[in-house]
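In what follows, a single structure is set out as structure tokens and then discussed.
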Amino acid sequence: MSFFHKVRRFGLMLAALSLLGIQIAPVQAAMVGNPELLAQGQQQFDRAQLVNLVEREDVQQQLITLGVDPEAAKARVAAMTEAEIAQLNQSLADMPAGGVSVLGVLLIIFLVFIITDVLGATDIFPFIKPIR
């Protein structure tokens, strides 16, 4: 064997040994259960329901009456966490049937905006000073 064949053979052996030394990250696969899928679907439905509520013409007029820009309200709804949306939709669902008024919904949204302004998460109302 010539010198070049020996170097080539040594290089191939070295490459094979280096491949054996590489650690491959373990891969995990898990089943997604029905409760997780239902929870995710419910969260998407709750968010869409709240966005549709804010997009209604009568709700937008009431927001303007309260001094809230409807676009700012839509942006705030888009920025809400899943827990906030679930809490807001739960309080809407707890209202008596037939007693769900636009004013009640707007009052809840208005209170959420005030709370987030006080906490410093938003700056919608100039008369509210955030706590810091």
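A few points about this structure:
- Within the chain, helix-based [θ] at 222 nm, where runs of 4 or more DSSP H residues each add -39,500 (n - 2.57), nearest 500: -23000 deg cm²/dmol
- The angle between the Cα long axis of helix 34-55 and the longest principal axis of the Cα atoms of the chain comes to about 40 degrees, rounded to the nearest 10.
- Within a Gaussian network of the chain (alpha carbon springs, distance under 10 Å), most fluctuating of Val54, Val32, Val105: Val32
Read the figures in this text as sums done on the coordinates, not as results from a lab. Here the structure is a predicted model, which means the values were calculated and not measured.
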